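Undergrad: The structure is given below, and queries will be raised subsequently.
Throughout, read-outs are computed from the coordinates displayed, never taken from laboratory work. A quick note: this is a predicted structure, and the numbers were derived from the prediction, not measured. Heads up, the Cβs are rebuilt from the backbone with ideal geometry, glycines too, and the neighbour counts pull from every protein chain shown.
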Amino acid sequence: MTLGLALRQRGIECVVHEKYGHYQSHRTAFLIWSYAAAELANLGVPMASVAAPLEVLEVHGRKGSTICQMPVGRISRAHGCDSYEVNRKRLAQTMGDMLGDALVRPSCCIGAAVDGDRAIAQFEGGGSDAGDLIVGCDGAHSVIRKVLHPEADLELFGSGGWIAVLDEHPPGLEPNRQMEFWQPGIKAGLADIGNGECRWYVAMNGTVPDMKAPPSIDDVRAAIPNAHPTLQAAIDATSDDQLVLTQASDLLALDPWFDNRIVMLGDAAHATSPYAGMGACTAIRDAVVLADMLAEDGELTTTLQAFQDRRKPISDAVIKQSRNGLDMSASHSRFKAWLRDMKFSHIPDKAMEGIVESLVCEESP
Ligand SMILES: Cc1cc2nc3c(=O)[nH]c(=O)nc-3n(C[C@H](O)[C@H](O)[C@H](O)COP(=O)(O)OP(=O)(O)OC[C@H]3O[C@@H](n4cnc5c(N)ncnc54)[C@H](O)[C@@H]3O)c2cc1C
């Protein structure tokens, strides 16, 4: 939907086909860092009404006490735009409304091919649509990726957990704040996402919940028996049917991202695990960069190669950072966790600003 809005803003006609007729059956939320939030705001997305600006990211170490507070709000605004904790369904609904008739749903793509100077997408039910270019923005289980790379498969790395969105705040969760909890073997978090709602997650390092059984809050309690009281209150306020199971996987270094008149972006091209909290931000920036490059009206193959050359090093770095992120925040080694807590609790203000800057801005590797 970012790509659809960005192309329209640049005067390029486009149709967005979406598989589902509804916006998310599960309720989930995510953090959109300043650089990606700015792209959405530039497209006219009213961020403040779908999300909560994040002021402080507070990290709790292995013993539960605060080891650092990251001034996300101040540094984000210094770069021109807040970072936001976002209810995904609300964001998708808002952007879907903005797209209007340019969004066709439900419309499930099952294949794509090129015939001369036309790219043709095929849809379930026998329909098709044709244009100058097909852009596969169809996520981690992309159909378009299967067309370009039939052999490519997501790498599961044996870690997973649970997420939930609640209509309330547990006592102790301040507005505009995210609390992270780095415990041996577990990374967990809890955040204000605006509109009176909060989100929480519990991720296990090296363990996956039973993905076939219905999710159960008792399994979450068993995974994190000594949760911080504020997180515990959020877990206790969650019913089984509000839980969403997650299992981490990624796909590093897929190449090329395009062939002829078919190209991919976002998780389709570079699926990432969630531990860096950047996959959606990278996908949003991909979309705007591609729209900018297509608007320049150069030769198509040259444009698509330039797009990949610019975006692939960044997305590969995010995938690696995310792989390392879980081990850093949820190491099973008590010694490593102690060392990490010591380091984070003694970071000078200037160095902490640098760390936050590297999150709120998209850095070239
Ligand atoms: C638990 C978890 C937490 C995360 N937290 C963060 C975070 O805090 N910040 C962050 O930046 N990233 C986060 N991510 C990563 C982020 O969710 C993804 O990287 C991002 O959603 C990828 O965007 P995308 O548009 O490429 O794919 P998606 O968001 O998956 O969107 C793909 C769209 O294509 C549609 N589609 C799929 N197949 C078809 C088809 N065949 N035909 C038509 N339509 C189709 C889907 O229905 C969907 O609407 C998290 C991921 C997880 C799992």
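Undergrad: Treating each Cα of region 90-210 as an identical point scatterer and ignoring solvent, apply the Debye formula and state log10 I(q)/I(0) at q = 0.13, 0.19, 0.20 Å⁻¹.
TA: The Cα Debye sum returns log10 ratios of -0.83, -1.06, -1.09.
Undergrad: For residue 174 and residue 151 in the same chain, what is the full-extension length gain: residue separation times 0.36 nm, less their Cα-Cα distance, in nm?
TA: Numbers: separation 23, 0.36 × 23 = 8.28 nm, distance 4.69 nm.
Stretched fully, the residue 174-residue 151 segment lengthens by 3.6 nm.
Undergrad: If you don't mind, there's one more thing I want to ask. Computed on alpha carbon atoms, what radius of gyration and Dmax characterise region 29-152, expressed in Å?
TA: For region 29-152, the Cα radius of gyration and maximum Cα-Cα distance read 19.9, 63 Å.
Undergrad: Hey, with R₀ at 41 Å, roughly what FRET efficiency would residue 216 and residue 102 work out to, going by the Cβ-Cβ distance, to 0.05? Before the final figure, lay out the partial values.
TA: On the way: r = 41 Å, r/R0 = 1.00.
With R0 = 41 Å, the Cβ-Cβ based efficiency is 0.50.
Undergrad: Magnitude of the Cβ-charge dipole of the chain, K/R +1 and D/E -1, about the Cα centre, nearest 20 debye?
TA: Working: 32 positive and 48 negative charges, 201 e Å.
I would put it at about 960 debye.
Undergrad: Dipole of region 151-245 (Lys/Arg Cβ +1, Asp/Glu Cβ -1, origin at the Cα centre): which of 194, 226, 160 lies farthest to the positive side?
TA: 226
Undergrad: If I take R0 = 22 Å and measure r between the Cβ atoms of residue 66 and residue 361 in this structure, what FRET efficiency does the formula 1/(1 + (r/R0)^6) give, to the nearest 0.05?
TA: 0.30
Undergrad: Which pairs break 30 Å Cα to Cα here: 89/336; 89/343; 187/212; 89/146; 63/320; 212/312?
TA: Beyond 30 Å: 89/336; 89/343; 212/312.
Undergrad: Counting just the Cα atoms, what span does region 149-188 cover along each of its three principal axes? Round to the nearest Å and put the largest first.
TA: Computed over region 149-188, the largest-to-smallest principal extents equal 48, 27, 15 Å.
Undergrad: Determine the equivalent ellipsoid of region 123-174 by diagonalising the alpha-carbon gyration tensor, then write out the semi-axes as square roots of 5 times the eigenvalues, largest first, rounded to whole Å. Intermediate values should be presented prior to the final figure.
TA: Working: eigenvalues 272, 75, 22 Å².
Taking √(5λ) for each eigenvalue gives 37, 19, 11 Å, largest first.
Undergrad: Let me ask something else about it. Tell me which trypsin sites (Lys or Arg not before Pro) from region 129-216 have a DSSP coil assignment and no more than 14 other beta carbons within 10 Å of their own.
TA: Details: sites: 145, 146, 177, 187, 199, 212; in loops: 212.
The qualifying sites are 212.
Undergrad: Pop the C-beta distance of residue 117 and residue 49 into the FRET formula with R0 = 45 Å and round what comes out to the nearest 0.05. Write down the numbers at each step before the final one.
TA: Details: r = 42 Å, r/R0 = 0.93.
Efficiency computed from Cβ-Cβ geometry: 0.60.
Undergrad: Hey, in the GNM for the chain with a 10 angstrom Cα cutoff, which one of 65, 315, 76 fluctuates hardest?
TA: Evaluated over the chain, the most mobile residue of the options is 65.
Undergrad: How far is the Cα center of region 19-54 from the Cα center of region 309-358, in Å?
TA: With region 19-54 and region 309-358 each reduced to a Cα centre, they are spaced 24 Å.
Undergrad: Considering the alpha-carbon set of region 209-365 alone, what are its Rg and its Dmax in angstrom?
TA: Both quantities, over Cα of region 209-365: 20.0, 58 Å.
Undergrad: In addition: Calculate how large, on average over all directions, the projected area of the Cα convex hull of region 1-54 is; give the answer in nm² to one decimal. It would help to have the intermediate numbers written out before the result.
TA: Numbers: hull surface 18.7 nm².
Reported value for the Cα convex hull: 4.7 nm².
Undergrad: Where does the chain land at 222 nm, in deg cm²/dmol rounded to the nearest 500, when only DSSP H runs of n ≥ 4 count, each adding -39500 (n - 2.57), divided by all residues?
TA: Roughly -11000 deg cm²/dmol at 222 nm, from the helical runs in the chain.
Undergrad: Here's a follow-up. Using the Kirkwood formula on the Cα atoms of the chain, what hydrodynamic radius do you get, in angstrom to one decimal?
TA: On the way: mean 1/r = 0.0469 Å⁻¹.
When all Cα pairs of the chain are included, the Kirkwood radius is 21.3 Å.
Undergrad: Charges on Cβ only, +1 for Lys and Arg, -1 for Asp and Glu, centred on the Cα centroid of region 70-194; of 81, 93, 114, which one is farthest towards the dipole's positive end?
TA: 81
Undergrad: Pick out, in residue order, every one of the GluC sites (Glu not before Pro) in region 110-187 that is DSSP loop and has at most 16 other C-beta atoms within 10 Å; say none if there are none.
TA: Values: sites: 124, 151, 155, 168, 180; in loops: 124, 151, 168.
Taking region 110-187 and a limit of 16 other Cβ atoms within 10 Å, the loop GluC sites (Glu not before Pro) found are 124, 151, 168.
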